[in-house]
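The values are calculated or read from the model by the stated rules, or taken from the named source; none is laboratory data. The structure displayed is predicted, hence computed values, not measured ones. Because the Cβ atoms are built from the backbone with ideal geometry, glycine has one as well, and the counts that use them run over all protein chains shown.
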Amino acid sequence: MGSSHNQCRILTKCIVFLFIFVSCQPQTTTNKQTKTSNEIDTPTEQPVVVIDPLTIDSALDALPILPKDSDSLRIVAVKDTVPKKPLVLTNRKITDSLRRVLDTKPKHIYLTFDDGPLIGSRAIDSIITARNIKINAFLIGKHAHMSKHLNKSYQIYYNNPLVDCYNHSFTHANNRFQFFYSNPQSAFEDFDRNEKDLELKYKIVRMPGRNIWYFDDIRRVDLSTGGSTADMLYSHGYKIYGWDVEWRINGVTGKPVQTVDQVYTRIKNYMNNKSSLFPNNVVLLMHDDMFQNKLGQKQLSALLDSLQQHKDYTFEFMRDYPFKY
Ligand SMILES: [Zn+2]
């Protein structure tokens with residue numbers, strides 16, 4: 001009787017265990033699926049890195065952020081290189097016949113350098129002047145006041161007809177982008193202050209920490225927290241420009257995150273595939289402090305060598321963006 005009772009208990013335990021085991025399996029999966037679905041649906045402030053399967057080079061966006069350096073000037077640039085959500089362009093199919101036409105037209109490259117004046121600005125100025133190449137400098141007023149050397153660097157840029165100086169805000173949001181953009185009025189005033197302080201001639205802005213485009217009938221916002229400030233700038237006559245391709249190298253070591261070849265190939269692909277915001281117009285983002293040492297400067301020269309091999313590539317000012325065909 002005792003033995004039969006024990007067998008019965010063991011059998012019952014087995015059945016209960018099996019029931020729990022079986023009933024747990026689908027539930028676990030369901031929970032997992034629900035969680036994933038929630039993760040996708042829940043909007044977050046964190047930029048999401050999406051790899052565009054159409055472009056091999058876009059995998060470079062997923063590369064890790066550079067380590068911070070103790071130099072405060074370095075932090076500015078590092079903060080600005082947080083991977084951005086790639087701009088997904090839809091309804092812009094280029095037919096083969098249009099592509100063939102575009103291929104016969106001039107191709108425009110916009111070399112843009114952010115966060116200057118910084119150590120590196122003067123080297124950039126020398127390199128592009130020697131080559132007679134136009135560039136675009138998105139400047140920070142605060143940096144121009146940090147030392148006599150940097151103030152002089154700003155003046156060198158400002159007085160060089162090959163350099164267009166534009167607005168990247170006075171404080172660079174003190175690198176607290178979400179906080180900065182949470183008050184569009186004070187953010188707007190920071191850009192206004194920069195314009196006056198640096199005596200900027202053009203109402204052209206690149207927003208710190210954001211890849212936002214807002215001009216003519218184009219409005220593309222990568223992170224929603226910059227949207228209201230962008231709206232305010234636009235309503236006051238500013239044009240806001242982001243970038244198609246970013247080149248990242250470590251400004252201190254000069255070691256590339258993307259090699260010269262990688263960034264050159266990427267630019268070429270954007271040009272050939274017509275995958276930039278406007279076909280035949282590619283905007284390249286760099287930072288001034290990338291070129292503060294010899295290795296970085298050599299790499300900038302090497303990139304320009306590669307680009308200048310294309311006789312149909314021209315270097316342009318952002319104020320002329322975009323050339324349409
Ligand atoms: Zn910046």
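Step by step: first the residues of the stretch 194-217, then only those that are among the basic types (Lys, Arg) and crowded, with 16+ Cβ neighbours inside 10 Å, then the one that is nearest to HIS236 (Cα to Cα). Which residue is that? Write out each step before concluding.
First, the residues of the stretch 194-217 that are among the basic types (Lys, Arg): 196, 201, 203, 206, 210.
Among the residues that remain, those that are also crowded, with 16+ Cβ neighbours inside 10 Å are: 203, 206, 210.
Details: LYS203: 9, ARG206: 15, ARG210: 19 Å.
Checking each candidate, the answer is LYS203.
Could you identify the single residue in LEU60, LEU162, LEU54 that is surrounded by 14 or more Cβ atoms within 10 Å (Cβ to Cβ), away from the ligand (no atom under 16 Å from the Cβ), of a type in the set (A, V, I, L, M) and modelled with pLDDT under 95? Spell out the reasoning first.
On the way: LEU162 fails: modelled with pLDDT under 95; LEU54 fails: surrounded by 14 or more Cβ atoms within 10 Å (Cβ to Cβ).
LEU60 is the lone residue from the list that is surrounded by 14 or more Cβ atoms within 10 Å (Cβ to Cβ), away from the ligand (no atom under 16 Å from the Cβ), of a type in the set (A, V, I, L, M) and modelled with pLDDT under 95.
Among the residues of the stretch 134-159, those identified as within 23 Å of ILE109 (Cα to Cα) and away from the ligand (no atom under 16 Å from the Cβ) are LYS134, ILE156, TYR158, ASN159. Within the stretch 103-128, can you find the residues that are among the polar types (S, T, N, Q), over 22 Å from LYS274 (Cα atoms) and within 16 Å of the ligand (Cβ to nearest atom)? Across the stretch 103-128, the qualifying residue is only SER121. So, ARG100, is that one surrounded by fewer than 18 Cβ atoms within 10 Å (Cβ to Cβ) and within 16 Å of the ligand (Cβ to nearest atom) or not? In short, no. Looking for something at pLDDT 95 or above and charged (D, E, K, R) - is there at least one such residue anywhere in the stretch 137-144? Looking through the stretch 137-144, at least one residue is at pLDDT 95 or above and charged (D, E, K, R). For the stretch 153-196, the set of residues classified as without any contact (Cβ under 8 Å) to a residue 12 or more places away in the chain and either under 15 Å from LEU118 (Cβ atoms) or outside the structural domain of SER224 (by TED's automatic domain parsing) (or both) consists of GLN155 only.
Within the stretch 176-192, the residues that satisfy the criterion of being surrounded by 16 or more Cβ atoms within 10 Å (Cβ to Cβ) and closer than 25 Å to GLN155 by Cβ are ASP190, PHE191, ASP192. Looking only at the stretch 104-122, how many residues end up being closer than 26 Å to ALA173 by Cα and touching a Leu at 6+ places or on another chain (Cβ under 9 Å)? Looking only at that region, the number is 11.
For the residues ALA173, ALA187, the requirement of being within 16 Å of the ligand (Cβ to nearest atom), aliphatic (A, V, I, L, M) and more than 19 Å from the chain's Cα centre (by Cα) singles out ALA187. Only one of the numbered conditions (1) among the basic types (Lys, Arg); (2) more than 24 Å from GLY237 (Cα to Cα); (3) within 15 Å of the ligand (Cβ to nearest atom) is not met by ARG131, and that is (3). Residue count for the stretch 276-297, restricted to those that are more than 16 Å from the ligand (Cβ to nearest atom) and in contact (Cβ under 8 Å) with a residue 40 or more places away in the chain: 11.
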